[in-house]
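Single-structure report; data block below.
The values are calculated or read from the model by the stated rules, or taken from the named source; none is laboratory data. This is a predicted model, so every value here is computed, not measured. Note that we place each Cβ from the backbone using ideal geometry, even for glycine, and neighbour counts take in every protein chain shown.
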Amino acid sequence: MRILVVEDEVKLARALKEGLQSEGYTVTVVHTGEEAFYLVETEGFGLVVLDVMLPGRSGLEILEAIRRRRSKMSVLMLTARDTVEDRVLGLNTGADDYLVKPFAFSELLARIRALSRRGAPDPASKLAIADLEMDAVGRLVTRGGQLLDLTPIEFDLLEYLVRNQGRVVSRELLASDVWKAAGRSAPLNNVIDVHMARLRGKVDERFEKKLVKTVRGVGFVVREDTDAPELRGRRLKPREW
């Protein structure tokens, strides 16, 4: 998905671009309302991360321009204003979501993923990696032709990891996307680790090729070449600002 980031704080804009690109998004950054107005009128983006307070045209003016064109692009507003009235104004003007500064990058990423799922086609119901196959509709998992007996949360965890296979997934993302938790806490970390250990036992214990691994200090990944050198010591955990 192409994302337009409209943010006049250069340091924050750079950090957002780097973080989103590391997640596989194509990101364009501009720092003024005029630049943003030109781009939303002439180019197509799947999502606009839009600051309210901008030099030139304000974020609300840009939002109004997007909605006048009846564009389907999603808009996530960023602002330091945290009053109910400000949030209501942004949502009533046509914003799809609203995030108050300062914010955690992991929360921004979770909100972007949620917005990208709205109106998107249903995800593939058949998933596979190596000799592991998943039926997301029937909620069945086999490996090497053998049926795996997973609990509902173990199935959800595995499905999330397989849909993101090859990418390191942090505990923050598992907490927000699988457990639907608003924040991360030490007790939830422990719960995640326990369920991941049980899942790994069921998926890998009887098989020579290991698919589920822990990347120390970062999170978890499902990958065929589990000894890939590029994963060693590489921190992909979302940063916080």
Does any residue of segment 80-92 turn out to be closer than 18 Å to GLN21 by Cα, modelled with pLDDT under 90 and not aromatic (Phe, Trp, Tyr)?
-> no
When restricted to ALA130, ALA104, the only residue in the same structural domain as VAL40 (by TED's automatic domain parsing) and hydrophobic (A, V, I, L, M, F, W, C) is ALA104
Sole exception among (1) at pLDDT 55 or above; (2) under 19 Å from the mean Cα position of the chain (by Cα) for ALA197, by number = (2)
Residues MET77, MET53: which one is in a loop (DSSP other than H, G, I, E, B) and closer than 25 Å to ALA104 by Cβ?
-> MET53
Considering residues of segment 166-194 that are among the polar types (S, T, N, Q) and surrounded by 16 or more Cβ atoms within 10 Å (Cβ to Cβ) only, the residue modelled with the highest pLDDT | SER170
Scanning segment 80-117 residue by residue, the ones that are in a helix (DSSP H, G or I) and of a type in the set (A, V, I, L, M) total 10
Could you identify the single residue in LEU47, LEU115, LEU76, LEU108 that is in contact with a Pro (Cβ under 9 Å, 6 or more places away or on another chain) and within 27 Å of LEU173 (Cβ to Cβ)?
-> LEU108
Which ones in segment 10-37 are under 15 Å from MET77 (Cβ atoms) and surrounded by fewer than 19 Cβ atoms within 10 Å (Cβ to Cβ)?
-> LEU12
For the subset of segment 41-58 comprising residues that are within 16 Å of GLY94 (Cβ to Cβ) and more than 23 Å from the chain's Cα centre (by Cα), which member is surrounded by the most Cβ atoms within 10 Å (Cβ to Cβ)?
-> ARG57
Do we find a residue being basic (Lys, Arg) and touching a residue at least 60 places away in the same chain (Cβ under 8 Å) anywhere in segment 102-121?
-> yes
